[in-house]
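The values are calculated or read from the model by the stated rules, or taken from the named source; none is laboratory data. Remember, it's a predicted structure, so these values are computed and weren't measured experimentally. Quick reminder, even Gly has a Cβ in these numbers, built from the backbone with ideal geometry, and neighbours come from all protein chains shown. Please note that ligands, DNA and RNA were not included when accessible areas were found on the heavy atoms of the full protein model with its side chains. Shrake-Rupley method; radii C 1.70, N 1.55, O 1.52, S 1.80 Å.
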Amino acid sequence: MEKRKILVVDDESRMRKLVRDFLVKQDFDVVEAEDGEDALNKFYEQKDISLVILDVMMPKINGWDVCREIREASKVPVIMLTAKGEESDELQGFNIGADEYISKPFSPKILVARVEAILRRAGNNEEEIMEVGGIAVDKLGHQVRIDGKELELSFKEFELLTYFIENKGIALSREKILNHVWNYDYFGDARTIDTHVKKLRSKMGKKGEYIKTIWGMGYKFEVES
């Protein structure tokens, strides 16, 4: 089984080494970043990060802003680390999408236990088949069925539809869609998305109406009840 990859972000090399050593002992693969900018670069480069351990107080880009940007692009679990123990800081962490909040100093063994618990939870919540409004998406089999009939989609059309369904009811900017479906380093423009959405809608027939255009922004997948 492939090792799960953890991104550890802290401007203190001693702290990174401490956390890394305990994670490696539990058979995790560890990627280190020394500041917020480095963290985002590594996160987008790697593309297969299972969880992020993120310090709050860092140079260049702080942990709050790193967490916000990661959460815009991904549902990957985030554990925030901080020397602060204020309740308001903890609430801020949860409000921007952090999954756990651990105050320094902490026990590395407890941190590893939290990591394992979160990944178990995430694994149990990973839906292999998503169904909504008569559309069934089999993520593992890379198949889509509409009212039981298989739909022939290109790889990007499949990724686009999956992303829409995973974020149903949420308005998605073209930039966010480009970053997620075409990857962060793709130098395209909005016409790429519009072309794919047009083809996808056409193939989906009546169900294509679920993909709403948000003028001047992007798209939203919405199923009428």
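Below is a table of values for the structure above.
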item: Any chance Val197 is part of a strand (DSSP E or B), at pLDDT 90 or above and open to solvent by less than 20 Å² (accessible area, probe 1.4 Å); result: no
item: Check on Ile177, among the β-branched types (Val, Ile, Thr), open to solvent by less than 50 Å² (accessible area, probe 1.4 Å) and farther than 20 Å from Gly134 by Cβ; result: yes
item: Boolean, Ile61 is touching a Gly at 6+ places or on another chain (Cβ under 6 Å) and free of Cβ contacts under 8 Å to residues at least 40 places away in the same chain; result: yes
item: Residue under evaluation Ala39, criteria (1) over 25 Å from Glu159 (Cβ atoms); (2) modelled with pLDDT of 90 or more; (3) surrounded by 20 or more Cβ atoms within 10 Å (Cβ to Cβ), criterion not met; result: (1)
item: Positions within region 42-58 being assigned to a helix (DSSP H, G or I) and surrounded by fewer than 20 Cβ atoms within 10 Å (Cβ to Cβ), in sequence order; result: Lys42, Tyr44, Glu45, Gln46
item: Any chance Ile211 is at pLDDT 95 or above, surrounded by 16 or more Cβ atoms within 10 Å (Cβ to Cβ) and not small (Gly, Ala, Ser); result: yes
item: Single unsatisfied condition, Ile79 versus (1) more than 16 Å from the chain's Cα centre (by Cα); (2) in a strand (DSSP E or B); (3) farther than 10 Å from Leu7 by Cβ; result: (1)
item: Of residues in region 1-36 being of a type in the set (Gly, Ala, Ser) and either under 21 Å from Glu116 (Cβ atoms) or not in a strand (DSSP E or B) (or both), the one least open to solvent (accessible area, probe 1.4 Å); result: Gly36
